[in-house]
Amino acid sequence: MNVVSQRVNAPIVIAIDGTSASGKSTNAKMVAKALGYVYVDTGAMYRTLAWYCLKNKVDVNDEKAVTALCRKWKTALECKDNQVHLLVDGVYPAREIRSAEVSAATSHIAAVPKVREWMKKKQRECIQFGNLVMEGRDIGTNVFPETDYKFYLDACISERSKRREAEGVQENLAARDQRDSQRAAAPLMVALGARVINNSGMTADETSKIIIEDIRKRLAEAETIRQNGDNR
Ligand code: DC
């Protein structure tokens, strides 16, 4: 266990990273519910900026223009029903950020270093709401590298495409994965110490059970170590 996470009463962060449609959101929500932690969807934060760029006619391939917008947009973090949302101009555009157009635009703005810097700072601020289950692409590698609880989800491309189709979304997952993994700033990769779960052929119940049992076991071990330290 590393030094940072040993701080007494420091909130716990469970990092769940992985490829698109690998089941991060479903599993992160199930884990958060089972443990009573707050759920944070960092992809939604990037999507909100991409949506805001499109709404304001900012070219998502123009790094300078995207950075300038990100510097001046008016945002706030809100925790409602154990879920954190990034509000822009006081609203969370829940439905709008799920369109195929926004999905495609998001991986462009997510490659901008200044955007990633801004997002990392906001995402670390979420700790104000308590213990977190945070899902994304760089949580274990970049946003909370100090956490002991890191998971990386993946599944074969055909299964991931089927999952998106079942949600009624048609998109080129392979292209998005490639952009997410090959960008220079905080690319998608397996964090050191992360438990990798390939959930091809598995249900969300089966996947989340593995994660929840793993965390409960390690939290119990950490508690035993803490109590032994107190009794010395
Ligand atoms: O998880 P998602 O499909 O909602 O993510 C949308 C896009 O945002 C995806 O292309 C990758 C990017 N993203 C990122 O670069 N870093 C994160 N922590 C979360 C999402």
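The values are calculated or read from the model by the stated rules, or taken from the named source; none is laboratory data. Because the structure is predicted, anything quoted here is derived from the model rather than measured. Quick reminder, even Gly has a Cβ in these numbers, built from the backbone with ideal geometry, and neighbours come from all protein chains shown. Ligands, DNA and RNA are stripped out before the accessible areas are found, and what is left, the full protein with its side chains, is counted by its heavy atoms. Shrake-Rupley method; radii C 1.70, N 1.55, O 1.52, S 1.80 Å.
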Rounded tilt (10° steps) of 63-72 against the dominant C-alpha axis of the chain: 70
Working from Cα positions, state the angle (0 to 90°, nearest 10) between the long axis of helix 24-35 and the longest principal axis of the chain. 30
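Tell me, in nm to one decimal, what length is gained between Asn198 and Asp59 on full extension, where the rule is 0.36 nm per residue of separation less the Cα-Cα distance? Numbers along the way, then the final one.
Details: separation 139, 0.36 × 139 = 50.04 nm, distance 3.57 nm.
The span from Asn198 to Asp59 would gain 46.5 nm if fully extended.
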Cut-off under 5 Å, modelled amide H: who pairs with Asn131 long-range: Ile12, Val38
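With the Cα gyration tensor of region 127-232 giving a ≥ b ≥ c as the square roots of its eigenvalues, does the rule (a/c under 1.5 for rounded; else a/b larger than b/c for prolate; else oblate) give rounded, prolate or oblate? Let's see the in-between values first.
Numbers: a/c = 2.75, a/b = 1.76, b/c = 1.56.
It comes out prolate by the Cα gyration axes.
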Highest mean first, what order results for 82-90, 214-222 on Cβ atoms within 10 Å? 82-90, 214-222
For a test of the definition: using alpha carbon positions, the gyration tensor, and the 1.5 limit on a/c, classify region 1-140 as rounded, prolate or oblate. prolate
What residues from region 42-66 fall in the zone where the backbone N is under 20 Å from a label point 7 Å along the Cα-to-C-beta line of Ser99? 43-62, 66
Determine the per residue accessible area of region 70-109 with all protein chains present and a 1.4 angstrom probe, expressed in square angstrom. 56
Compute the long axis of helix 113-125 from its Cα atoms, compare it with the longest principal axis of the Cα atoms of the chain, and write down the angle in degrees, 0 to 90, nearest 10. 40
Using a Förster radius of 30 Å, what is the FRET efficiency between Glu78 and Asn231 based on their Cβ-Cβ separation? Nearest 0.05, please. 0.10
Using amide H atoms built 1.01 Å from N in the peptide plane, name the residues 5+ places from Gln83, or on other chains, whose amide H lies under 5 Å from its own. Tyr39
Any of Lys122/Lys217; Lys55/Lys150; Lys80/Lys122 with alpha carbons more than 25 Å apart? Name them for me. Lys122/Lys217; Lys55/Lys150
When a/c reaches 1.5 or more, the comparison of a/b and b/c decides; with that in mind, is region 17-92 rounded, prolate or oblate per its Cα gyration tensor? oblate
Length gained, Glu167-Arg218, 0.36 nm per residue minus C-alpha separation, equals 15.0 nm
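Of the DSSP beta bridges with both residues in the chain, give the percent that are antiparallel, rounding to the nearest 5. Intermediate values should be presented prior to the final figure.
On the way: 7 of 27 bridges.
Percent antiparallel among DSSP bridges in the chain is about 25.
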